Amino acid sequence: MDAVTGEGLSAHRVSGAHEQPPTIRVVKEVSWQTGTGLLVALREAEGSVLCLYDPGTSRVVKAVVLPGRVTGIEPITSPGGASVSPQHLHRALQGLFGVAAVATDGGHLLLVDLCLDDLSCSQSEYEPSGLTVATRIAAGVPQGRETVAREGRHLCFQLQSPSGTAISTPCYISRSNQLAVGSSDGCLSLWDVKTLKQEHCSQLEGGRMPVYAVTFQEPEKDPHNYCYLWAVQSTQESEGDAVSLHLLRLEFGDRRRLPSGQVMYERLASCVEKYSLDLTGRAFPLRGQSSKTKLLSCQAVEIFPNHVGREDSVDEVISPDTSVSVFSWQVNTRGQGKPSTYVGVFDFDCWYHAQMPGSLRPEESLQDCPYFARWSLDTVTSMTSPNHILDIVVQERSLNWTVPPSYPLPEQCFHPSTYKFVR
């Protein structure tokens, strides 16, 4: 659907090899030389299928069988092949045409060749091709890829051996060329896509609770080579009542600007958890005893300065002028009827000014926190009732400050609570 006009652009009812229709688990956008499509992960009773859907023709143009039950997919490169600069890819991946990371409930972490150089083959979700898994990552793959392609199969590399512990979410970070991998036991690991080696692995302070989402963020004008990862732990897949936010600081040895204008952070030096917030704890002192909390979305909103026309900006590493994190969640209290929906904004600059506390101070609550603001969306949900809100996205241009006409401005004017969202 066109998000602005509501016009229907493409439609397809997925089917499978069995009578029971498959479940659409994940959808991600991917591009190639002649168009843009959707990577769709389907779960079936006996396994999973990764599909490439072309909205222009409203059909599946690629499909490949995956081992186990897929839990996440993340595009890393597209379209691949000779057009990809070898600077940021392991040599084994340079011969592939489009690479996607695939995670499963058995702990598989696979880098799958999407074969975007050939979209003429007749694959479909009910007649998918097979997958050839290479457990040893070698540089000379073009010949092996051709052999696998002649057999009508896709080549993939096994980045991590099946551990039996489900991978709950993969997230590719282009600005550090890393693959962040969250697991159902609360562990978070970082893989370097250049070397295909694990750089970091740690247990989050939330304990053995699934890592549900990961978001990368740059702070505002930080003189150090620091970036941050939000890792959200949640039990919502199992109908639990736990959502906690964890902020990890990544320190890099180098930060530089590429010819494309993109900033690249390199040589990870440390990864340390710096802040946590439990959305089911004392942040809601008036909650009922029988309630369920569910995360709807988390995203980074970064607004960069406009340096067009400045001669000295060619080699300058540009940091965002505004860097905030936006979270939305629901609290469903038994007997209340409909869930309460909230949106929260974490402001890095305000957190810095508050001396970077590791959590809410004992005397603080979300109502008076100087770096985290919370709004109720009950008026919005009343307009959408009886339909449920499934996701919330904040557009960069909609985020504005509410500045009163008085000078000097009080400190509270710079707190995230003064943000407003405009159409």
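I'd like to check something: does the stretch 337-349 contain any residue that is in a loop (DSSP other than H, G, I, E, B), surrounded by 21 or more Cβ atoms within 10 Å (Cβ to Cβ) and either at pLDDT 85 or above or of a type outside the set (Gly, Ala, Ser) (or both)?
Of the stretch 337-349, the ones in a loop (DSSP other than H, G, I, E, B) are 337-339.
Imposing the further condition that a residue be surrounded by 21 or more Cβ atoms within 10 Å (Cβ to Cβ) reduces the set to none.
No, the conditions are met nowhere in the stretch 337-349.
Residue-by-condition table, conditions (1) at pLDDT below 85; (2) of a type in the set (S, T, N, Q); (3) more than 25 Å from Gly152 (Cβ to Cβ):
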residue	(1), (2), (3)
Lys28	no, no, no
Gln33	yes, yes, no
Leu39	no, no, no
Leu42	no, no, no
Ala45	yes, no, no
Thr57	no, yes, no
His88	yes, no, yes
Val99	no, no, no
Asp105	no, no, yes
ask   = What are the residues in the stretch 209-247 that are surrounded by fewer than 19 Cβ atoms within 10 Å (Cβ to Cβ) and part of a strand (DSSP E or B), if any?
value = Tyr226
Close pairs (6 angstrom Cβ cut-off, 6 or more residues apart or separate chains): closer than 30 Å to Tyr265 by Cα in the stretch 319-340, surrounded by fewer than 17 Cβ atoms within 10 Å (Cβ to Cβ) and acidic (Asp, Glu) anywhere = Pro320/Glu220; Ser323/Glu220
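Look at the stretch 17-50 and say how many of its residues are out of contact with any Phe, Trp or Tyr (no Cβ under 6 Å at 6 or more places or on another chain) and within 14 Å of Pro128 (Cβ to Cβ).
First, pick out the residues of the stretch 17-50 that are out of contact with any Phe, Trp or Tyr (no Cβ under 6 Å at 6 or more places or on another chain): 18-36, 39, 41-50.
Still in the list and also within 14 Å of Pro128 (Cβ to Cβ): 18, 22, 39, 41-44, 46-50.
The qualifying residues number 12.
Condition test on Val148, is it crowded, with 20+ Cβ neighbours inside 10 Å and within 18 Å of the chain's Cα centre (by Cα)? Show your work before the answer.
Numbers: crowded, with 20+ Cβ neighbours inside 10 Å: yes; within 18 Å of the chain's Cα centre (by Cα): no.
Here the answer is no, as Val148 does not meet what is asked.
Test Thr165 against the criterion of being within 22 Å of the chain's Cα centre (by Cα), open to solvent by 20 Å² or more (accessible area, probe 1.4 Å) and of a type in the set (Val, Ile, Thr), and give yes or no.
Yes; evaluated as a whole, the condition is true for this residue.
Results for (1) within 30 Å of Gly95 (Cα to Cα); (2) at pLDDT 95 or above, shown as yes or no for each residue.
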{"site": "Thr195", "(1), (2)": "yes, no"}
{"site": "Pro210", "(1), (2)": "no, no"}
{"site": "Val214", "(1), (2)": "yes, yes"}
{"site": "Ala231", "(1), (2)": "no, yes"}
{"site": "Gln262", "(1), (2)": "yes, no"}
{"site": "Glu273", "(1), (2)": "no, yes"}
{"site": "Pro305", "(1), (2)": "no, no"}
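Pick from Gln367, Gln355: which is modelled with pLDDT of 90 or more and over 25 Å from the mean Cα position of the chain (by Cα)?
Details: Gln367 fails: modelled with pLDDT of 90 or more.
None of the other options fit; the residue is Gln355.
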message = Pairs please, first residue from the stretch 21-36 and of a type in the set (Val, Ile, Thr), second anywhere and open to solvent by 80 Å² or more (accessible area, probe 1.4 Å), Cβ atoms under 9 Å, 6+ apart in sequence or on different chains.
response = Thr36/Glu29
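Of all residues in the stretch 376-393 being buried (at least 17 other Cβ atoms within 10 Å of the Cβ) and of a type in the set (A, V, I, L, M, F, W, C), which is farthest from Ser244 (Cα to Cα)? Let's see the steps before the verdict.
Going residue by residue through the stretch 376-393, those that are buried (at least 17 other Cβ atoms within 10 Å of the Cβ) are 377, 381, 392.
From the residues that got through so far, the ones that are of a type in the set (A, V, I, L, M, F, W, C) too are 377, 392.
Values: Leu377: 20, Ile392: 18 Å.
Checked the stretch 376-393; the qualifying residue farthest from Ser244 (Cα to Cα) is Leu377.
In the set Glu237, Glu205, Glu151, which member is among the acidic types (Asp, Glu), closer than 30 Å to Ser120 by Cβ and at pLDDT below 95? Steps first, please.
On the way: Glu237 fails: closer than 30 Å to Ser120 by Cβ; Glu205 fails: closer than 30 Å to Ser120 by Cβ.
Testing whether each residue is among the acidic types (Asp, Glu), closer than 30 Å to Ser120 by Cβ and at pLDDT below 95 leaves just Glu151.
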remark   = Within the stretch 21-37, restricting to residues that are of a type in the set (Gly, Ala, Ser) and open to solvent by less than 30 Å² (accessible area, probe 1.4 Å), the one that is nearest to Ser48 (Cα to Cα) is Gly37
query = Restricting attention to the stretch 172-195, and to residues there that are closer than 20 Å to Thr135 by Cα and in contact with a helix residue (DSSP H, G or I) (Cβ under 7 Å, 6 or more places away or on another chain), which single residue is surrounded by the most Cβ atoms within 10 Å (Cβ to Cβ)?
reply = Val193
In the stretch 1-20, residue modelled with the lowest pLDDT [restricted to those that are under 25 Å from Tyr126 (Cβ atoms) and open to solvent by less than 50 Å² (accessible area, probe 1.4 Å)] = Gly16
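The values are calculated or read from the model by the stated rules, or taken from the named source; none is laboratory data. This one's a predicted model, so the numbers in the text were calculated from it and none came from an experiment. Ideal geometry is used to build each Cβ from the backbone, glycine not excepted, and the neighbour counts take in all protein chains shown. Heads up: the accessible areas ignore ligands, DNA and RNA and are worked out on the full protein's heavy atoms, side chains in. Shrake-Rupley method; radii C 1.70, N 1.55, O 1.52, S 1.80 Å.
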